[in-house]
Each structure stands twice: as C-alpha cells, then as structure tokens.
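Some notes on the structure that comes next.
The values are calculated or read from the model by the stated rules, or taken from the named source; none is laboratory data. Being a predicted model, the structure only gives us computed values, none of them experimental. FYI the Cβ positions are ideal-geometry reconstructions off the backbone, even for glycines, and counts take in every protein chain you see. Quick note on the areas: whole protein, heavy atoms, side chains included, nothing else; ligands and nucleic acids left out. Shrake-Rupley method; radii C 1.70, N 1.55, O 1.52, S 1.80 Å.
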Amino acid sequence: MIEIKSKREIELLKIAGDITGQTHLYLKPYIKPGITTKELDKLAYDFILEHDATPSFLGYDGFPASICASVNEEVVHGIPDNRRLVEGDIISIDIGACYKGYHGDSAWTYTVGKVDKNKQYLMEHTEKALFEGLSVIKEGAHVGDIGYAVETYALKHRLGVVKELVGHGVGRDVHEEPDVPNYGIKGTGPILKAGMVLAVEPMLNLGTADIGILENDWTIVTLDDEPSAHFEHTVLVEKDGYTILTKR
Ligand code: MG
Ligand code: MG
C-alpha cells in the first residue's frame, strides 16, 4: 500500500528533507582533491547529529557508514574508506537523514577539481533526467510516466539506464512502496495521489547499462568501467505538481 501522508507527517518529512539537503550543501566545499571519503562521511555524520537527526543509512541492512560515496565507475552504495579523491574524479554522494522517525533521501554527483568533458556531459544530463522525471509528477499521473520520462531523456542522450536499482516511496521507512523505476511505459503503474512522498533517482552510465557488484557485497559498479552519475530528490506529490523536500 502506498501511504498518503498526514499534515503532521509532511511537516516532519519537510524537516528531514531539509536537513538532508543542508548536509549536501555543507559537504560540497570539502569535496576536493586530497580528502578521503571517510572524512566526508564523518563530516556528514556530525552535521546530521547537530541537527537533531540521525543518518538513515548507518546500520541499514548493516551498511557501515552514514553516506554512500561512489567514485567514477561506482554507481551507488560506495562505502566510505581511506581512498583520497583526486583531480578529475566524480563522486556521487547519497545522504539520508531521519528526523523524529521520518526520512529524507537525496543523492548528488560532484566534480573533484576539473573533470573531462565526458564526465561533465554525463553529470549534466543525469541531473536533467532527474528533473524530466519530476516534471510529470502530479495527482493522477502514473508511476510509469516518471520512468518513461527519465528513460526517454537518457536514451536520447545515449546514456545507459541502470534498471536493477530504483526510486521508492519515503516516510517512516527510507524505502517504502512504490518502486519508482527509471524506465517505464506511460499510463502504467500505480496512480499518484497528493500526499504521497517519492524519491526519484536516475542512475545513468556513460557506457552501457550493465552493472556488477564488488566483493564487499555493497558497491555497485559499471561492468565496462565507464563513469556513472546519480541524482536524487525526495518530493511531495501535490494536486498540480510536486514540491522538492530535499532542496539544496
Ligand atoms: Mg538515496
Ligand atoms: Mg533513494
């Protein structure tokens, strides 16, 4: 069942989303050559706690960190460690914050110093694919409309659409119903109603859509080693559109 959130729940989801967005803004200036992903994780952990929230991903299914930090060919679920970022990397940072039992979820891909044109292209069009997907959201639309919009945009720009991982509902659990795939057929899937809260999150690859998983059983990587980008917002479905809860 897809929950319709109450007024009170929406207020808490707005605060959780706001903390999530603020954590991104806080981290951004630190994303430079030389910093380790573990240092970024610690900065995020401290910031989230200072805002009376807890990191949604820490301990989730045993995940050992507060953020996911996925560099270059890593698609999602990169585990922060002692790897130092170097000039020319891109890094996708996925952040969840839980405030009074309600979650926000947002991922963004950042450049480390100056990156090559291909990576810039990938990032620009993955971010645009997110907003293409969001643009169809309103009461009465179908979940399949979102995936159709994301996929159509991605394929037009010759990017690989990761299909094994999907967006989702957000509420008291960071992952709720429904699944929100980045592919789909218009007019199919559950019908959206005002008060639903969804995370839309295209994961697009510069090369093919094929992915694998590292030996740590978490980190998803592209099979062809080409870079991947990930942009995600948590949004509230409204009568005539949507409101981004994880604004940045
Ligand atoms: Mg996320
Ligand atoms: Mg998510």
Multiplying the sequence separation of K247 and K193 by 0.36 nm and subtracting their Cα-Cα distance, what value in nm do you get? 17.3 nm
Residue-by-residue Karplus 3J(HN,Hα) for segment 123-130, coefficients 6.51, -1.76, 1.60, Hz, glycine and proline x: 5, 4, 7, 6, 4, 5, 4, 4
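Taking the Cα centre as origin and putting +1 on Lys and Arg beta-carbons and -1 on Asp and Glu beta-carbons, what dipole magnitude results for segment 7-244, to the nearest 20 debye? Spell out each step's value before the answer.
Details: 22 positive and 38 negative charges, 136 e Å.
With Lys and Arg at +1 and Asp and Glu at -1, about 660 debye.
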Ranked highest first by average number of other Cβ atoms within 10 Å, how do 66-74, 39-47 line up? 66-74, 39-47
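Using the Kirkwood formula on the Cα atoms of segment 1-84, what hydrodynamic radius do you get, in angstrom to one decimal?
Numbers: mean 1/r = 0.0708 Å⁻¹.
One decimal place: 14.1 Å for the Kirkwood radius.
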State to the nearest 20 debye the size of the charge dipole of segment 48-173 about its Cα centre, where the only charges are +1 on K and R beta carbons and -1 on D and E beta carbons. 280
Cα centroid separation - segment 158-235 against segment 1-45, whole Å: 18
Taking 8 Å as the Cα distance limit and 6 or more residues as the minimum spacing, I'd like the relative contact order of the chain as a percentage. 24
What is the distance, in nm, between label points placed 7 Å from the Cα along the Cα-to-Cβ direction at D210 and at K239? 5.0
What residues have an amide H closer than 5 Å to that of H103, excluding those fewer than 5 places away on the same chain, when H is modeled at 1.01 Å from N in the peptide plane? G171
What nm value, rounded to one decimal, do you get for the distance between S6 and D225 when each label is placed 7 Å out toward the C-beta? 5.5
Report the one residue of G140, P227, P181 whose Cα lies farthest in the direction of the positive end of the charge dipole of segment 7-244 (charges on C-beta: Lys and Arg +1, Asp and Glu -1; origin at the Cα centre). G140
Mind listing the Cα extents of segment 129-248 along all three principal axes, in Å, largest one first? 42, 33, 28
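Can you send over the carbon and sulfur percentage of the accessible area for segment 136-222, probe radius 1.4 Å, protein chains only? Walk me through the numbers before you get to the answer.
Numbers: 1980 of 3720 Å².
It is 53 percent, rounded to a whole number.
How do the peptides 48-58, 192-202, 215-225, 121-131 rank, highest first, by the average count of neighbouring beta carbon atoms within 10 Å per residue? Please report the intermediate quantities before stating the final value.
Details: 48-58: 18.8, 192-202: 24.1, 215-225: 15.2, 121-131: 20.6.
Ranked by mean Cβ neighbours within 10 Å, highest first: 192-202, 121-131, 48-58, 215-225.
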Express in nm, to one decimal, how much length is gained between K138 and Q120 on full extension, taking 0.36 nm for each residue of separation and deducting their alpha carbon distance. 3.4 nm
Which listed pairs, of K163/K239; K28/K117; K42/K247; K14/K100; K7/K100; K5/K128, have C-alpha distances above 18 Å, in listed order: K163/K239; K28/K117; K42/K247; K5/K128
Under the Karplus relation with 6.51, -1.76 and 1.60 and θ = phi - 60°, whole-Hz ³J(HN,Hα) for segment 5-20, x at Gly and Pro, equal 7, 7, 3, 5, 4, 5, 4, 5, 5, 5, 5, 4, x, 5, 4, 4
At q = 0.09, 0.10, 0.14 Å⁻¹, what is the base-10 log of I(q)/I(0) for the chain according to the Debye formula with one equal point scatterer per Cα and no solvent? Please give it to two decimals. -0.34, -0.43, -0.86
Calculated [θ] (222 nm, deg cm²/dmol) that DSSP helices of n ≥ 4 give over the chain, each run adding -39,500 (n - 2.57): -9000 deg cm²/dmol
Can you list residues from other chains, or at least 5 along the same chain, whose modelled amide H is less than 5 Å from the amide H of L245? T234, V235, L236
